[in-house]
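The values are calculated or read from the model by the stated rules, or taken from the named source; none is laboratory data. Given the structure is predicted, the values throughout are model-derived calculations rather than measurements. Glycine also receives a Cβ, built like all others from the backbone with ideal geometry; neighbour counts cover every protein chain displayed. For the accessible areas, the whole protein counts, side chains as well, though only heavy atoms, and no ligand, DNA or RNA atoms are used. Shrake-Rupley method; radii C 1.70, N 1.55, O 1.52, S 1.80 Å.
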Amino acid sequence: MQEVRLALIGFGNVAQGLVQILHQRGEQFARQYGIEFLITAITDRNRGSAFDPNGIPTASLLEAFQHPGGLRSLSNQAAEWDALEMIQHSPSDVVVEMSYTNLQDGEPATTYIAEALSRKKHVVTTNKGPIALRYEELASLAKMHGVQIGVEGTVMSGTPTLRVAREMLDGAGIRSIQGILNGTTNFILTQMECGKSYEEALAEAQRQGYAEADPTGDVEGYDAAAKVAILSRLALNAPVPYANIERRGISGLTAEDISSARAKGMRWKLIGSLEKKGDEVTATVRPELLPDEHPLASVSGATNAILYRTDLLGDVVIIGPGAGREQTGYAIIQDLFAIYNVRKG
């Protein structure tokens, strides 16, 4: 039985999803794949830290999620470790980085990831900031120290996206990518098709937890642009700087725009696009009118989808959840399996 020690940065929804999966399926993973994942350390800037070299019981962590004291409610040896101290002092094999996303400079997550890689620890992250802004630097650091960095959860949560492009479609010749990469905006546009105004649809998205109190990152296309930047690096191997992506959100669309499109058999979608012509790559995020027969036109609600246009296979479409507690937690499991080359039997 191979034992893998995990150190977690962040104690929010993604961490809870990961812990829930390990609580429910950890024994199954051990039985089927011969690998046991132990959470030996976890830290959160607001809710404290915990450490146990023998592994913190997942049941205790799930209880701590609900406890007002958070991780401080656990009996442990490192109640106030910060992220860097945990990376430096915990005996971990993989650092799972789930801190907040910063699309200005990628910090503090970039520093955490670089520190872990420098200490020869694998890294798995769901954080778009470091990967959209500084992936090449981090990938080079990982190679230098003989470790790996997993980033599957940065684009479409647990829906397989990046690994499909890199490992299965690379030889097929990807010419272009179109994606519905932000579930919040897709939910809003779907609600507007049902007759709501933009303001009413946004309020409903906030009520259901799809949109933040400040929805700017979603509705103005910043989140989707970060994912386009990541796709340019990992799916096309043709990096487009995040700052260079032409970006326009959906806040200017009106109910009249939506109803007029439907009358013509078309739908508005916020589309992140990459098109490769020779050595040139065009990257955009903007509302686009899609005819009903387009593969992405019927994708509704908070669902995400991506369309790879290839030379050898034609169009390849992947549809699935782009967010969610356990969905994103599963993306981390995918990366862990890939790092340790886990195969059934």
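Here is how the numbers come out for the structure above:
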| quantity | calculated |
| --- | --- |
| Total residues in segment 14-51, condition among the β-branched types (Val, Ile, Thr) and within 15 Å of Asp93 (Cβ to Cβ) | 4 |
| Meets criteria (under 27 Å from Ile131 (Cβ atoms), open to solvent by 20 Å² or more (accessible area, probe 1.4 Å) and among the small types (Gly, Ala, Ser)) for Gly106 | no |
| Failed criterion for Ala201 (all others in (1) under 25 Å from Ala263 (Cα atoms); (2) small (Gly, Ala, Ser); (3) part of a loop (DSSP other than H, G, I, E, B) hold) | (3) |
| Residue within segment 319-340 that is closer than 30 Å to Leu22 by Cα, surrounded by fewer than 19 Cβ atoms within 10 Å (Cβ to Cβ) and β-branched (Val, Ile, Thr) present | yes |
| Restricting segment 36-56 to residues that are closer than 25 Å to Asn341 by Cα and more than 24 Å from the chain's Cα centre (by Cα), the residue that is surrounded by the most Cβ atoms within 10 Å (Cβ to Cβ) | Ile56 |
| Number of the condition not met by Ser60 [criteria: (1) touching a helix residue (DSSP H, G or I) at 6+ places or on another chain (Cβ under 7 Å); (2) surrounded by fewer than 21 Cβ atoms within 10 Å (Cβ to Cβ); (3) small (Gly, Ala, Ser)] | (1) |
| Entirely in segment 258-345, the strands (runs of 3 or more DSSP E) that have 2 or more residues that are farther than 29 Å from Glu193 by Cβ | 266-277, 280-291 |
| Given (1) under 24 Å from the mean Cα position of the chain (by Cα); (2) more than 19 Å from Thr303 (Cβ to Cβ), index of the condition Gly221 fails | (2) |
| In segment 162-182, residue most open to solvent (accessible area, probe 1.4 Å) [restricted to those that are in a helix (DSSP H, G or I), among the charged types (D, E, K, R) and touching a residue at least 12 places away in the same chain (Cβ under 8 Å)] | Arg166 |
| Residue check, Ser232 among the small types (Gly, Ala, Ser) and buried (at least 19 other Cβ atoms within 10 Å of the Cβ) | yes |
| Hits in segment 130-160 - residues which are of a type outside the set (A, V, I, L, M), touching a Leu at 6+ places or on another chain (Cβ under 7 Å) and more than 17 Å from Ala235 (Cα to Cα) | His145 |
| Residue check for Val240: outside any loop (DSSP other than H, G, I, E, B) and closer than 30 Å to Leu133 by Cα | no |
| Single condition Asp82 does not satisfy, out of (1) in contact with an Asp or Glu (Cβ under 8 Å, 6 or more places away or on another chain); (2) open to solvent by 60 Å² or more (accessible area, probe 1.4 Å) | (1) |
| Residue among Thr185, Thr154, Thr159, Thr190 that is touching a strand residue (DSSP E or B) at 6+ places or on another chain (Cβ under 6 Å) and either open to solvent by 10 Å² or more (accessible area, probe 1.4 Å) or farther than 20 Å from Leu290 by Cα (or both) | Thr159 |
| Cβ-Cβ under 7 Å pairs, at least 6 apart or on other chains, segment 47-70 side within 21 Å of Glu85 (Cα to Cα), far side modelled with pLDDT under 90 and acidic (Asp, Glu) | Gly48/Glu80; Ser49/Glu80 |
| Condition broken by Val14, with the remaining ones in (1) buried (at least 20 other Cβ atoms within 10 Å of the Cβ); (2) without any contact (Cβ under 8 Å) to a residue 24 or more places away in the chain satisfied | (2) |
